[in-house]
Amino acid sequence: MSPLWAGVSLITLEHVSKNFDSPSGSVRAVEDVSFEVDAGALHVLIGPSGSGKTTTMRMINRLETISEGTITINGRDVRDLDVVELRRAIGYVIQQGGLFPHFTVADNVAVVPRLLGWPRARRRQRAEELLALVGLPPKQFADRFPRQLSGGQQQRVGVARALAADPPIILMDEPFGAVDPITRKQLQRELRRIQAEVQKTIVFVTHDIGEAFLLGDRIVLMAEGRIVQNGTPADLLRNPASPFVTEFIGEDRSLRALQHTYLAELAGSRPDGVPDDVPILAGTLSIPQAGQELARHDRSNREGFLVSDVSGRPSGYLTYQQLATVLGESIAPAETMTSAEAAPDPEAAHVLPV
Amino acid sequence: MFYLFEQPERVFELTLEHIRLVGISVLAATLIGVPVGILCTRIRWLESPILNLSGILYTIPSLAFFAILIPYTGLGASTATIALTLYSLLAIIRNTIAGIDDVPRATLDAARGMGMTGRQRLFLVELPLAIPVIFAGIRVATMAAIGIAVIAAVIGAGGLGRLIFDGLRTLDADQVLAGAIMATVLALVGDWALKRLGDALRRDAGAAAEGR
Ligand SMILES: Nc1ncnc2c1ncn2[C@@H]1O[C@H](COP(=O)(O)OP(=O)(O)O)[C@@H](O)[C@H]1O
Ligand SMILES: [Mg+2]
């Protein structure tokens, strides 16, 4: 079996550029892009429309040729790999679903297993397993055709299809872009649950900053074909690389984006000499929750507070100033937040990267 | 009308001959036209010369066409079959190209992204989705061929045209009428049958045309 399928996979892009030649001249769609996608992590590519996200992603599975630079998977240059084999080892989800209208849902899910020559019974079993995983009871959905499904259900099938052959890598291009906001939210939560379960190396394209903060272990922000900043969600909030980053995060910088960033991600390690009587907050609190929580504490004569890790040890530390910068305001009194916004996210524990 | 009842065996035999002539021609045109149409979608610059050529063939009047072919292939059914085949090509090639071009980009992109080879893309995705459109082309070609095949009787190809031309020569209006009625019935029944078959194929193909 090819090295592509060996467990988890690491993707690297080194000085990758892309030109499109059109009759009206050459378009530089991607300019000197370098980043690494850690094995088992979800990297979000985000940026305004036309910033080169899709093109960057499509060079990974060679749906676009690479004009300059190198892309490797587990150290192997993708151009040295058989292109068909490469694509079968990489799950692929696109915005419009791209389901095959003449295949049943089960056959759609089992496309790659079929290409890989799995026997029929095993394909069927796998399809049912995955339909269940993405929340579509197989008894009810397996033998339907895509046109008999809602947009959100079609996207679930798209995700199941990408997972079918258990590829180590999955590329997703605005997979939830075409569904209504409520369904999108639901799909995002489920992707998080699924990712916690299957631990794939995922590259996820979106232009929705809320989605990026909710899903991304790291966020690569692009503009005009270049990377503006590559960092964790907390990095982007704490140390924006340029005014563009702040502006792009924009209004969402406020509660919505921050709700999916947790204190433990933001906290630095506890410096020596911090007294034990400063406030201690759980690392599982979201940033807005922390702001609200601190409004209840006595902050006089204190510069910061301790953040406890999963085992409850107060090993992290954050200054009030740092938290205030991230919140974009001074630490607010409790009543400025509605209960809905402050409601703890029931799935928070799933994604906490500690 | 009496001829139909006086000579039912002859009418039946000539009808079968007609069906055979049309059937063989359209089948041959399908076997040639579908691959040529596929080729045009793969090698794009071929499309316009091939469509132009088959378009020109289509505009040649049938009697002139027979006259051009007779020095090479003589009188009889084979000349008629060649002409009918060439006439049928246009509709079939054109619809094959249209059917394949109609496959949504996102579907094709997914097929490529899943790691289908070119051949798998063609046989698993493009052709199944194009079948309703290709079949509509075959139906149009068949209808035209049933009409043109009547004229082929002048060059000795047989078929229902025999009744019409023999009748005209012997001033037997009854016989002319029998030929005309049978050709019309054949066209109507043929159209209906092909439409049913096409609908069945469309359902099999997952109703690609609607569900996108
Ligand atoms: N096939 C193509 N031919 C020519 N230009 C293209 C093609 N695909 C994308 N582009 C151009 O490349 C740039 C980046 O596009 P894309 O990667 O799709 O951006 P994004 O996904 O961030 O919206 C755009 O200016 C777009 O017009
Ligand atoms: Mg895009």
Practice prompt. Output the relative contact order of the range A:37-136, whole-number percent, from Cα pairs under 8 angstrom with separation of 6+ residues.
Written response: 14
Worksheet entry | Over 16 Å [Cα-Cα, the range A:269-311], rounded percent | 36
Worksheet, complete the sentence: Long-range amide H partners of A:V27, meaning residues 5 or more apart or on another chain whose placed amide H is closer than 5 Å, are A:F20, A:D21, A:S22
Item to complete: Quick one: what are the phi-derived ³J(HN,Hα) couplings along the range A:239-248, Karplus 6.51/-1.76/1.60 with θ = phi - 60°, whole Hz, x for glycine and proline?
Response: 10, x, 6, 7, x, 4, 4, 4, 5, 5
Worksheet entry | 3J(HN,Hα) from dihedral phi, the range B:54-64, Karplus parametrisation 6.51/-1.76/1.60, rounded to Hz, x for glycine, proline | 6, x, 5, 3, 5, 7, 5, x, 4, 4, 5
Worksheet item: Quick one, what does Rg over Rh come out to for the protein assembly as shown if you take C-alpha atoms and the Kirkwood Rh?
Response: 1.18
Worksheet, complete the sentence: In whole Hz, the Karplus estimates of ³J(HN,Hα) for the range A:214-219 (6.51, -1.76, 1.60; θ = phi - 60°; x where Gly or Pro) are 5, 9, x, 6, 9, 10
Worksheet item: Mean separation of Cα pairs under 8 Å and 6+ residues apart, divided by the residue count of chain A: what relative contact order is that in percent?
Response: 17
Discussion item. Need the list of lysines near A:K185 for cross-linking: C-alpha distance under 28 angstrom, and skip anything on the same chain fewer than eight residues off.
Written reply: A:K53, A:K139, A:K200
Worksheet item: For chain B, which semi-axes, largest first and in whole Å, follow from the square roots of 5 times the eigenvalues of its Cα gyration tensor?
Response: 38, 20, 11
Worksheet entry | Likely footprinting exposure, B:L171, A:L215, B:L194, fewest C-beta neighbours within 10 Å first | B:L171, B:L194, A:L215
Worksheet entry | Residue order, fewest to most beta carbons within 10 Å, for A:W118, B:W192 | B:W192, A:W118
Fill in: Dipole moment magnitude, nearest 20 debye, chain A about Cα centre, only Lys, Arg, Asp, Glu C-beta charged
1500
Worksheet, complete the sentence: Assertion target for A:T65, B:T41, ordered by fewest C-beta neighbours within 10 angstrom first, is A:T65, B:T41
Worksheet item: Can you list residues whose amide H is under 5 Å from A:A223's amide H, if they're 5+ apart or on another chain and H is modeled 1.01 Å from N?
Response: A:V228
Practice prompt. Quick one: P(r) of the range A:11-243 from all Cα-Cα pairs, 5 Å bins, percents rounded to integers, in order of increasing distance.
Written response: 1, 7, 14, 18, 19, 16, 12, 8, 4, 1, 0, 0
Worksheet, complete the sentence: In nm, the gap between the two label points placed 7 Å beyond Cα toward Cβ at A:R299 and A:E85 is 5.9
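The numbers here are math on the coordinates, done by the rules we state, and not lab data. In this text, all values refer to a predicted model and were calculated from it rather than measured experimentally. Please note: Cβ atoms are built from the backbone with ideal geometry, for glycine as well, and neighbour counts cover all protein chains shown.
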